Amino acid sequence: MIKNLIKTSNITYQRFYSTFNFRENKTINKDTLKQLITENRGKSSKSFYLIDVRNPSEVQNSGLIESAINLPLGVIPAALELKPEDFEETFNFKKFNKNDNIVFYCQKGIRSDQASTYARQQGYENSVSYPGSKDEWDSK
């Protein structure tokens with residue numbers, strides 16, 4: 001397993017090139033996402049970013065998937081254009097790099113697909129969508 005480290009203020013993100021290939025996939029299933037979350041639980045180093053693209057009011061009503069951060073779909077185009085320091089000041093977390101592993105999700109899977117597609121078009125080639133999204137995640 002090859003890994004690179006990215007230091008942030010509180011968390012070191014690790015890019016792992018293991019069994020799930022972010023670059024070659026456009027979606028990730030629930031079991032694989034659960035495995036990634038479990039493998040990263042309690043670690044200061046993360047192998048991926050989990051981005052909830054729902055609006056803040058939706059997040060407030062139903063919460064986030066463990067380890068996720070909220071970046072609403074409507075702000076993603078402008079957010080990806082920001083310099084890293086401006087991004088961090090605006091959203092209170094480090095901006096991901098173009099070669100970081102990113103999983104987008106939303107309530108039903110439509111916005112996460114739009115976010116992943118847009119991110120890939122902007123050069124974030126390791127972006128995938130979790131199409132089952134928050135509704136499926138919460139179901140048993």
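The values are calculated or read from the model by the stated rules, or taken from the named source; none is laboratory data. Computed from a predicted structure; not experimentally measured. All Cβ positions, even for glycine, are placed from backbone atoms using ideal geometry, and neighbour counts span all protein chains on display.
Among the residues of segment 115-140, those that are part of a loop (DSSP other than H, G, I, E, B) and either among the charged types (D, E, K, R) or touching a residue at least 60 places away in the same chain (Cβ under 8 Å) (or both) comprise Glu125, Asn126, Tyr130, Pro131, Gly132, Lys140.
Considering segment 93-107 alone, what residues qualify as being over 11 Å from the mean Cα position of the chain (by Cα) and within 19 Å of Phe20 (Cα to Cα)? Scanning segment 93-107 gives Asn97, Lys98, Asn99.
Among the residues in segment 73-85, are any modelled with pLDDT under 90, surrounded by 13 or more Cβ atoms within 10 Å (Cβ to Cβ) and small (Gly, Ala, Ser)? Looking for residues that are modelled with pLDDT under 90, surrounded by 13 or more Cβ atoms within 10 Å (Cβ to Cβ) and small (Gly, Ala, Ser), one finds none in segment 73-85, hence no. One residue stands out among those in segment 86-135 that are under 18 Å from Ser67 (Cα atoms) and loosely packed, with under 15 Cβ neighbours inside 10 Å: the one that is modelled with the lowest pLDDT, which is Asp135.
For segment 24-38, the criterion of being under 15 Å from Ser133 (Cα atoms) and touching a Gly at 6+ places or on another chain (Cβ under 6 Å) is met by at least one residue. Taking first residues from segment 29-47 that are surrounded by fewer than 17 Cβ atoms within 10 Å (Cβ to Cβ) and partners that are β-branched (Val, Ile, Thr), the Cβ contacts under 6 Å between residues at least 6 apart in sequence or on separate chains come to Ser44/Ile11; Ser44/Thr12; Ser45/Thr12.
Table: residues versus (1) modelled with pLDDT under 90; (2) assigned to a loop (DSSP other than H, G, I, E, B).
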| site | (1), (2) |
| --- | --- |
| Tyr13 | yes, no |
| Phe16 | yes, no |
| Thr19 | yes, yes |
| Arg23 | no, yes |
| Asp31 | no, no |
| Gln35 | no, no |
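Please determine, by comparing only the residues of segment 48-72 that are part of a helix (DSSP H, G or I) and in contact (Cβ under 8 Å) with a residue 12 or more places away in the chain, which one is surrounded by the fewest Cβ atoms within 10 Å (Cβ to Cβ).
Let us first name the residues in segment 48-72 that are part of a helix (DSSP H, G or I), namely 56-62.
Now narrow it down to the ones that are in contact (Cβ under 8 Å) with a residue 12 or more places away in the chain: 56, 58, 62.
Numbers: Pro56: 10, Glu58: 16, Ser62: 14.
Among residues in segment 48-72 that are part of a helix (DSSP H, G or I) and in contact (Cβ under 8 Å) with a residue 12 or more places away in the chain, the one surrounded by the fewest Cβ atoms within 10 Å (Cβ to Cβ) is Pro56.
Take the conditions (1) touching a residue at least 60 places away in the same chain (Cβ under 8 Å); (2) touching a strand residue (DSSP E or B) at 6+ places or on another chain (Cβ under 6 Å); Ser112 misses just one of them, which is (1).
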